[in-house]
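Single-structure report; data block below.
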Amino acid sequence: MKTLDIDKLIRSNISRLKPYSSARSEFTGEGAVFLDANENPNNTLYNRYPDPLQWNLKRKIAKMKGVEPGMIFLGNGSDEAIDLLIRAFCQPGKDKILSVDPTYGMYKVCADINEVEYNEVLLTNDFQPDIEQLMQEADSNTKLLFLCSPNNPTANDFSEEAIVEILNRFKNLVVLDEAYIDFSNRESFLTKLAEYQNLVILQTFSKAWGLAGIRLGMCFADKRVISVMNKIKYPYNVNSTTLRIAAEALENKNTHNGWVEEIIKERKRLVTALPEYSQIINVYPSDANFILVKVKSPELLYKHLVGEGIIVRDRSKVSLCDGCLRITVGRPEENDKLLKALAEFEKTL
């Protein structure tokens, strides 16, 4: 087992912090008349504060994911968890964060907001982590290492062997962002949480669950890490409507599975169809719900698709993604429109 002295990682002011105590955190259990939180007694569907620790939903998630409820943090999207991890473990102006390039942009944004130095190491040409360069870049002040797998915008999984080696060699917390794991053949690293105390895993309801609008992210880690995050989060960070919708979604796992199957099927269709167009230079392998595509004229094609009401993401200025568009896999009829628009674009050349 990879052990970690988490207490030594925590910022000293966070260790000393006395967290805010809300009415709903001081009382747990069943009550008939609630006169403790200065709530309006009317509008009984929404008048009460939500459970600050979301235990009912966490128990449902724990059962599905095979972890203990105390190993789960729920936040306003995964971005809240990213920000809290930085605030908990990185001293501004002193500590550092390490990641790869290219990857999800919020790691750097959150680091910059918190005045924490952000360092990145370029992926290899096959979009895998350069482990030796990462280890050389890390020093005693590097508290967090962020990996997104499947990665955004490259769409590929990092190899399991590479992730395991990084977990074994990096001395502090490795944050593995698995936002797109439902679309991958790789097993989630949730099964390795007990093996690695330095492992933190991010997942989300935004992608496979089709619930980006409710803004609910999941973080899984050692109970001591989760405890620190709960200590510094805002008291009622997940609202009642979000908790209700997420709980309802978990009761409809077949719907979730059906969506994932259709997206993977459509992804395969696009990966097969796109190379038939002369404008396409390369379609990179995808383990996510999107595809990275290298094209001859990214700016012209992007503008043409916008003119057809089809919005993709121009990633041509991103490291290692020169000339690339990122295309999310849509519904079958949406993908048909994309392919038709590509055919029409080629007629104009």
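The values are calculated or read from the model by the stated rules, or taken from the named source; none is laboratory data. Just so it is clear, the structure is predicted and the values come from calculations on it, not from any experiment. All Cβ positions, even for glycine, are placed from backbone atoms using ideal geometry, and neighbour counts span all protein chains on display.
Remarks
- Residue identified as free of Cβ contacts under 8 Å to residues at least 24 places away in the same chain and of a type in the set (S, T, N, Q) among ASN252, ASN239: ASN252
- One residue alone among PHE89, PHE34, PHE73 is hydrophobic (A, V, I, L, M, F, W, C) and free of Cβ contacts under 8 Å to residues at least 24 places away in the same chain, and that residue is PHE34.
- Residue count, segment 311-335 (criterion: at positive phi and either at pLDDT below 95 or among the hydrophobic types (A, V, I, L, M, F, W, C) (or both)): 1
- When the test is whether a residue is outside the structural domain of PRO129 (by TED's automatic domain parsing), touching an Asp or Glu at 6+ places or on another chain (Cβ under 7 Å), under 16 Å from GLU346 (Cβ atoms) and not hydroxyl-bearing (Ser, Thr, Tyr), PRO275 does not pass it.
- Residue in segment 285-298 that is within 29 Å of ILE181 (Cα to Cα), in contact with a Ser or Thr (Cβ under 7 Å, 6 or more places away or on another chain) and loosely packed, with under 15 Cβ neighbours inside 10 Å present: no
- Residue among ASP130, ASP83, ASP139, ASP126 that alone is under 18 Å from ASN172 (Cβ atoms) and either surrounded by fewer than 19 Cβ atoms within 10 Å (Cβ to Cβ) or in contact (Cβ under 8 Å) with a residue 60 or more places away in the chain (or both): ASP139
- VAL100 surrounded by 15 or more Cβ atoms within 10 Å (Cβ to Cβ), β-branched (Val, Ile, Thr), under 26 Å from TYR20 (Cβ atoms) and in contact (Cβ under 8 Å) with a residue 12 or more places away in the chain: no
- VAL116 vs. criteria farther than 21 Å from PHE220 by Cβ and crowded, with 21+ Cβ neighbours inside 10 Å: yes
Let's see how each residue does on (1) buried (at least 21 other Cβ atoms within 10 Å of the Cβ); (2) in the same structural domain as VAL225 (by TED's automatic domain parsing); (3) aliphatic (A, V, I, L, M):
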| position | (1), (2), (3) |
| --- | --- |
| SER149 | yes, yes, no |
| ALA155 | yes, yes, yes |
| VAL175 | yes, yes, yes |
| GLU178 | yes, yes, no |
| ASN185 | no, yes, no |
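- Yes/no for LYS171 being assigned to a loop (DSSP other than H, G, I, E, B) and within 22 Å of ALA111 (Cβ to Cβ): yes
Here is a yes/no grid of residues against (1) in contact (Cβ under 8 Å) with a residue 60 or more places away in the chain; (2) of a type outside the set (Phe, Trp, Tyr); (3) closer than 22 Å to GLN203 by Cβ:
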| residue | (1), (2), (3) |
| --- | --- |
| ARG224 | yes, yes, yes |
| ASN230 | yes, yes, yes |
| TRP259 | no, no, yes |
| GLU276 | no, yes, no |
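- Of the helices (runs of 4 or more DSSP H) lying entirely inside segment 212-314, the ones with 1 or more residues being more than 30 Å from LYS2 (Cα to Cα) and touching a Phe, Trp or Tyr at 6+ places or on another chain (Cβ under 8 Å) are found at 240-250, 253-273, 298-307.
- In segment 140-168, the residues that are more than 16 Å from the chain's Cα centre (by Cα), more than 17 Å from LEU4 (Cβ to Cβ) and either of a type in the set (Phe, Trp, Tyr) or in a loop (DSSP other than H, G, I, E, B) (or both): SER159
- Only one of the numbered conditions (1) without any contact (Cβ under 8 Å) to a residue 40 or more places away in the chain; (2) closer than 24 Å to PHE146 by Cβ; (3) not small (Gly, Ala, Ser) is violated by THR44, and that is (2).
- Count of segment 1-42 residues which are in a loop (DSSP other than H, G, I, E, B), closer than 20 Å to ASN172 by Cβ and among the acidic types (Asp, Glu): 1
Matching residues to (1) more than 26 Å from THR154 (Cβ to Cβ); (2) of a type in the set (A, V, I, L, M); (3) in contact with a Ser or Thr (Cβ under 9 Å, 6 or more places away or on another chain):
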position	(1), (2), (3)
LYS65	no, no, yes
GLU80	no, no, no
PHE89	yes, no, no
MET106	no, yes, yes
THR124	no, no, no
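- Residue in segment 63-73 that is of a type in the set (D, E, K, R) and under 14 Å from VAL238 (Cα atoms) present: no
- Single match in LEU338, LEU320, LEU305, LEU301 (criterion: farther than 23 Å from TYR180 by Cβ, hydrophobic (A, V, I, L, M, F, W, C), in contact (Cβ under 8 Å) with a residue 24 or more places away in the chain and not assigned by TED's automatic domain parsing to the domain that holds VAL121): LEU301
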